[in-house]
């Protein structure tokens, strides 16, 4: 009978429900492989699920399901499961005759409210952990249950999965290879697999059978439903199925599986032997799934449910095949609290009893003392990235250090997070964004080229290659060693190619025998001469190289696979010291630093190094920085750093002495400004710049009244706070001082005035403040505003507003100040300064943080007239303003902007990013406005009524951090994401930012508000 003739309509389901159970409800169809399932909604109740079988379905099989559910109800603890509802006659299984005269079985179960797993976005670690917990609780509740039908022949039982071999011809040659590999692995493991613990298990916690709570911020799994696939099988198969479906749609399926396994183990402890088979069991469930889909395409092409997992199952199978089974097993062991490698403790015990010395491996050097060399991401010794990439300089520094410690060997590096690996060859996109390898798995011994390396134990050559082409090791030798209880391997990297390749796989090398010699560039992988020495307890399938560096996220597993080589030699200098934790740093800050100091993000980050548009934490993880406009030409820009270092080595003093640097910086700045603005004063910060500007106003006009924008921010000095609505109208503020006059935020999107004439109307608001000043019998001193208001939420000034406001201020004798602290120095793209966007020339321009690229440097530019009136006899002196070091740095910043065409880059990348953000706004209405210029942009999040969405904005910024992208919020309602990265930010960076923004805008918490 065709599938369409077997179907039951929703109306038929409602009639059956009323007839058998005397329940009136609204039916809607649910997916199912065998049964026809209906959601029954009843007002003010949870409702039910009605299950109607196909004709002639085995009643014993249905009885098995009902008994199982009743057993779970009697034995569950902290477990939610569907309850069996009896019909009017007290039966747990009812019977009907359909329109074709077929006998059909009917069952009714309680409905468990929530969302199915497949509809939940995002599926984060805590959700996957809760899935494991619930599946483990269900396995626990089923202990002791049995039924004859639990022992049936069943295609979906992983233990019986080798039936799939008969259908291998349904697939392409590439697909056959993948399936055959897993089938063969499963066949080879049958002897030990058959001895694993068995029980009746749920066997079908797939992504449409798992119910998740409605909580969109912290959802948890409530229950697994649909017990139709329950079977007596190896217990580990149940966990394998939970993993197989719920790791779909993740870049790294192994990483996605680990929280599920950890959760399962927390409620139903797993055995080590079971974990050894989990990798293949997961694969075989996926093999069953794709084989079933291939068969169903032929047998029931109209049943879409039968094909629902085909594509994602293939995606996981292909990724799963790239993971070594043993590496997967070691990860499984680690999250379950076992040592990742089963022989790790045995190795440590053995190594602790060995009398090895460094002179055993370097007998010609005859040294055993070590000088630790820190090459970590936090190391000051390695210096700037450009320096440690300079091989000659690096070798020179090694030589100089060696001269100071002639009796010691320079060494270090085990589990060291290093920034040295700048190649992107091994970068990958994980489940939490981009990952780079940074954790060093061996110890480096820095010795002269040609130094002889000798074997510390008898060993068999298992790898002997020229690895220089990969620029990883150069000449490489790996030896295998035997002990009574385990085998292990030692790796020797950065050798001469000739000495490494003189060996053949299978050669035996005796203890004390020479293995090879240290190489030099370029044949040693293009490093300064040294030995990379590594210990491994597993070789996996490597034949030409072996990872010497790991991803931070896998550190715990790799440190068991590759134990510390210093366990053999016991050098005190290489004993690992505890590093101050972030929690300790936070605790000290709270106790001893100002209580008003805040930290970024709910889980703060410790940053230790910068490079261009990236910041790095202490573990070497790189974060794409979209908010740090202080590092204007890139974090730790090499030429800027060098300019500061070179000048600092000569002299740093105040501006009362003659020096070329202050004049050079003045010339560079004046070239970027209108001719009228040709007098400069140098200070240390934007706050000082604005403070000085207000002093100039008083000296020029004799007035103290300042007109400023609502939510404007101009610095943290007293006078600056007095003109910053963002501060005195915010928390802890006491409102505007007597001489400060605030007009409404000139926001044409959500402000007081919107649309075409907004600029004119906001200019009239400025006039109102002028009138208020006059009514008090005083005159206006100045008008201050940012060309794009930053703390106000990256507010672009309405068209025509600034020119009209300037005209009104000047008509009444006031000065016009453009605060360029945030937007200046080429960031606008179209223009070098923000005020130039509006075709105006201010009387005073204040310049801040970008000018020093992180060094405290700022400036005030003004007209000759303003400068002359300010010079009224009272000297302006600033001890550090205009010092030679600061000026050298500022000059190089401006020259870098010009030389590297960074203003043009800000225009090109900024316009691309803005255009793409506007496209994103069409897809996600939560984006109410995209605004700004160049690389100074804002994204405002609102609902349909333009109500600000601060929670969603904060959520997005913190979620982006999890993907390695730094974002921050702003605006009076904290609902604006600001984008103001170093202006070396590239189009590729913008594409990465857009990708993850789209990903997070798709998440449930961001969607709820749109549809509510």
Fill in: Relative contact order of segment 791-949, defined on C-alpha pairs under 8 angstrom at six or more residues apart (%)
23 percent
Worksheet, complete the sentence: Taking the chain and counting helices only, DSSP H stretches of n ≥ 4 at -39,500 (n - 2.57) each over all residues, the nearest-500 ellipticity at 222 nm comes to -11000 deg cm²/dmol
Worksheet item: Relative to the first principal axis of the alpha-carbon coordinates of the chain, what is the inclination of helix 686-701, with its axis defined by its Cα atoms, in degrees from 0 to 90 and to the nearest 10?
Response: 30 degrees
Discussion item. At q = 0.06, 0.07, 0.10 Å⁻¹, what log₁₀ I(q)/I(0) does the chain have when each alpha carbon counts as one equal point scatterer in the Debye sum?
Written reply: -0.62, -0.80, -1.20
Worksheet item: Could you give the angle, 0 to 90 degrees to the nearest 10, between helix 660-672's Cα long axis and the longest principal axis of the Cα atoms of the chain?
Response: 80 degrees
Item to complete: Using only the Cα atoms of segment 775-827, each taken as one equal point scatterer with no solvent, compute I(q) by the Debye sum, divide by I(0), and report log10 of the ratio at q = 0.15, 0.30 Å⁻¹.
Response: -0.49, -1.17
Item to complete: Would you mind giving the three semi-axes, in whole Å and largest first, of the ellipsoid equivalent to segment 193-241 according to its Cα gyration tensor?
Response: 26, 11, 7
Discussion item. With a cut-off of 8 Å between alpha carbons and a minimum separation of six or more residues, what is the relative contact order of the chain in percent?
Written reply: 8 percent
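Do me a favour and compute the ellipsoid semi-axes for segment 345-574 from its Cα gyration tensor, root of five times each eigenvalue, largest one first, whole Å.
With the √(5λ) rule applied to segment 345-574, the semi-axes are 24, 22, 18 Å.
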Discussion item. I need the Kirkwood Rh of segment 3-110: take the reciprocal of the average 1/r across all distinct C-alpha pairs and report it in angstrom.
Written reply: 14.3 Å
Practice prompt. Sort all Cα-Cα distances of segment 590-641 into consecutive 5 angstrom bins from zero, then give the percent of pairs in each bin up to the one containing the longest distance.
Written response: 4, 18, 21, 23, 16, 12, 5, 1
Practice prompt. Can you put 145, 38, 728 in order of Cβ neighbours within 10 angstrom, beginning with the fewest?
Written response: 728, 145, 38
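Ranked highest first by average number of other Cβ atoms within 10 Å, how do 975-981, 830-836, 394-400 line up? List each step's numbers first, then the result.
Working: 975-981: 26.7, 830-836: 21.6, 394-400: 14.9.
In decreasing order of mean packing, 975-981, 830-836, 394-400 become 975-981, 830-836, 394-400.
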Discussion item. Rg over Rh of segment 304-413, using C-alpha atoms and the Kirkwood radius, what does it come to?
Written reply: 1.22
Discussion item. From Cα pairs below 8 angstrom and at least 6 apart in sequence, can you work out the relative contact order of segment 345-574, rounded to a whole percent?
Written reply: 23 percent
Practice prompt. Please report, to two decimal places, log10 I(q)/I(0) for segment 686-755 at q = 0.18 Å⁻¹ as given by the Debye formula with identical point scatterers on the Cα atoms and no solvent.
Written response: -0.70
Fill in: Order by protection proxy (mean Cβ within 10 Å, highest first), peptides 729-741, 446-458
446-458, 729-741
Practice prompt. Restricting things to alpha carbons, find the Rg to Rh ratio for segment 204-277 using the Kirkwood radius for Rh.
Written response: 0.96
Discussion item. Quick check: pseudo-label points 7 Å beyond the Cα along Cα→Cβ at residue 658 and residue 403, how many nm apart are they?
Written reply: 3.8 nm
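Calculate the translational D of segment 653-898 in whole µm² s⁻¹ from Stokes-Einstein, where the hydrodynamic radius comes from the Kirkwood formula applied to all Cα pairs, the temperature is 10 °C and the viscosity 1.306 mPa s. Walk me through the numbers on the way to the answer.
Details: Rh = 18.1 Å.
For the chosen part, D equals 88 µm²/s.
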Worksheet item: How do 1006, 284, 648 line up, fewest other C-beta atoms within 10 Å first?
Response: 648, 1006, 284
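Could you work out the percent of alpha carbon pairs in segment 119-335 separated by over 32 Å, rounded to a whole number?
Working: 2695 of 23436 pairs.
When all Cα pairs of segment 119-335 are counted, 11 percent exceed 32 Å.
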Fill in: 39, 621 arranged by Cβ crowding within 10 Å, fewest neighbours leading
39, 621
Worksheet entry | Principal-axis tilt of helix 125-141 within the chain, Cα atoms, nearest 10 degrees | 20 degrees
Worksheet item: Going by average Cβ neighbours within 10 Å, how do the peptides 68-75, 692-699 rank, with the highest at the top?
Response: 692-699, 68-75
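Read-outs: derived from the displayed coordinates by stated rules, not from any lab. Here the structure is a predicted model, which is why all the values come from computation and not from measurement. Cβ sites come from the backbone with ideal geometry, for glycine too, and all protein chains shown count toward neighbours.
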